[in-house]
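Written out below as structure tokens is the structure these notes cover.
The values are calculated or read from the model by the stated rules, or taken from the named source; none is laboratory data. Keep in mind that what you see is a predicted model, and the values were worked out from it rather than measured. Remember, those area values only see protein heavy atoms, side chains included, never the ligands or the DNA or RNA. Shrake-Rupley method; radii C 1.70, N 1.55, O 1.52, S 1.80 Å.
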Amino acid sequence: MSLPSPQRQTYILSQISAASQPLYQQLFALCNAAPGISRAVPVTTGTDTLQDASGNLGCGNQTFGTAAHGSQFGKSGGVPCAIVFGTNARA
């Protein structure tokens with residue numbers, strides 16, 4: 001499972017309108033309460049199942065943010081956009 005990193009959540013909340021804040025806060029509360037979230041790790045570059053082969057740290061083909069915001073997402077040495085964890089379902 002891939003979810004927005006805490007840093008990306010903070011960045012998103014700083015970029016949206018006040019009217020949108022409650023919706024995103026509810027979404028992030030659900031994400032942060034997901035079963036298994038305690039096992040989540042930041043996305044890194046690599047070819048493993050829970051890694052990003054593009055080198056953009058879970059940001060897809062996007063890079064955004066600036067050092068002025070305190071976070072530059074999706075670049076080598078930058079901040080991951082996502083955290084990930086795996087779960088094995090049993091019947």
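Which percent, to the nearest 5, of DSSP beta bridges fully inside the chain are antiparallel? Of all bridge pairs located within the chain, approximately 75 percent are antiparallel. With protein chains left intact and a 1.4 Å probe, residues in the stretch 1-40 average 66 Å² of accessible area per residue. Helices in the chain, meaning DSSP H runs of at least 4 residues, each add -39500 (n - 2.57). Divided by all residues, the mean residue ellipticity at 222 nm is -7500 deg cm²/dmol. Taking each residue as 0.36 nm, the span from Gln15 to Asp48 lengthens on full extension beyond its C-alpha to C-alpha distance by 8.7 nm.
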